[in-house]
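> One structure follows; several queries about it will come next.
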Amino acid sequence: MSSLIGGPFTDREIGARLARERTMLIDHQVQYWPVFLLQSDDFAGCAGLRPYKNDGRIFEMGVHLKPSYQGQGLAQEAARAVIDFAFKTLQVRGLFVGHHPKNAASRRLIGRLGFSFTHEEFYAPTGANHLSYLLMNPGCPETL
Ligand SMILES: CC(C)(COP(=O)(O)OP(=O)(O)OC[C@H]1O[C@@H](n2cnc3c(N)ncnc32)[C@H](O)[C@@H]1OP(=O)(O)O)[C@@H](O)C(=O)NCCC(=O)NCCS
């Protein structure tokens, strides 16, 4: 995946990440789920959730598409499905997203999804200050 988020990864790193995703599903009922095209079953990328810091009611969302599937609205469709699941099924209080300052596609996607900028945060894997955003769950009583 993109060098802006730290790749490409070795087989060992990929194995470790897969193990982490499996544990995540068992412990928190979330993971970065694979995204498949309905028409062809092609594997296009992944989109999903993971716990954000130690706040059990805020989750981090991420979307990663293979280059040939970018620029078609697929990330937005996948992200909206993840947001729907997080807000309606898990009833989380809100979602966090962050992106590398040079990742313009990510910034546009986050804007389209309605996230609000909150702060910059150092992200060790890239050594850069990533831009951070929140989207609060309008259906969660604690945010009303
Ligand atoms: C960030 C990322 C997920 C964004 O993917 P994306 O495909 O650009 O996002 P969208 O699904 O919102 O697609 C929007 C683009 O598709 C275009 N598009 C074409 N057909 C479309 C359609 N039918 N519906 C909607 N948009 C369409 C839009 O005009 C828009 O182009 P623009 O960004 O140049 O204005 C993608 O660049 C990626 O996977 N990057 C590598 C991993 C990464 O950086 N992830 C983010 C870490 S937080």
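The values are calculated or read from the model by the stated rules, or taken from the named source; none is laboratory data. Computed from a prediction, not measured in an experiment: that's the story for all the values here. Neighbour counts run over all protein chains shown; Cβ positions are idealised from the backbone, glycine included. Accessible surface areas use protein heavy atoms only, side chains included; no ligands, DNA or RNA. Shrake-Rupley method; radii C 1.70, N 1.55, O 1.52, S 1.80 Å.
> Could you list, in sequence order, all residues of region 70-80 that are near the ligand (Cβ under 7 Å from one of its atoms) and open to solvent by less than 70 Å² (accessible area, probe 1.4 Å)?
Listed by number, the residues that qualify are Gly73, Leu74, Ala75, Gln76.
> Has region 133-140 got any residue that is among the polar types (S, T, N, Q), over 24 Å from Phe9 (Cα atoms), in contact with a helix residue (DSSP H, G or I) (Cβ under 9 Å, 6 or more places away or on another chain) and away from the ligand (no atom under 11 Å from the Cβ)?
yes
> Show the residue pairs that are 6+ apart or on different chains and have beta-carbon atoms under 8 Å apart, the first residue being within region 27-43 and within 18 Å of Gln76 (Cβ to Cβ), the second being of a type in the set (Ser, Thr, Tyr) and part of a loop (DSSP other than H, G, I, E, B).
none
> If you don't mind, there's one more thing I want to ask. Out of everything in region 81-108 that is surrounded by 14 or more Cβ atoms within 10 Å (Cβ to Cβ) and among the basic types (Lys, Arg), what residue ends up being modelled with the lowest pLDDT?
Checked region 81-108; the qualifying residue modelled with the lowest pLDDT is Arg93.
> Of the residues that make up region 2-21, is at least one within 12 Å of the ligand (Cβ to nearest atom), among the hydrophobic types (A, V, I, L, M, F, W, C) and either open to solvent by 60 Å² or more (accessible area, probe 1.4 Å) or in contact (Cβ under 8 Å) with a residue 40 or more places away in the chain (or both)?
Scanning region 2-21, I find at least one residue that is within 12 Å of the ligand (Cβ to nearest atom), among the hydrophobic types (A, V, I, L, M, F, W, C) and either open to solvent by 60 Å² or more (accessible area, probe 1.4 Å) or in contact (Cβ under 8 Å) with a residue 40 or more places away in the chain (or both), so the answer is yes.
> I need the full set of residues from region 49-82 which are in a strand (DSSP E or B) and either hydrophobic (A, V, I, L, M, F, W, C) or in contact with a Pro (Cβ under 9 Å, 6 or more places away or on another chain) (or both), in order please.
Leu49, Ile58, Phe59, Glu60, Met61, Val63, Leu65
> If you don't mind, another one. For residues in region 114-142 being part of a strand (DSSP E or B) and among the aliphatic types (A, V, I, L, M), which is most open to solvent (accessible area, probe 1.4 Å)?
Met136
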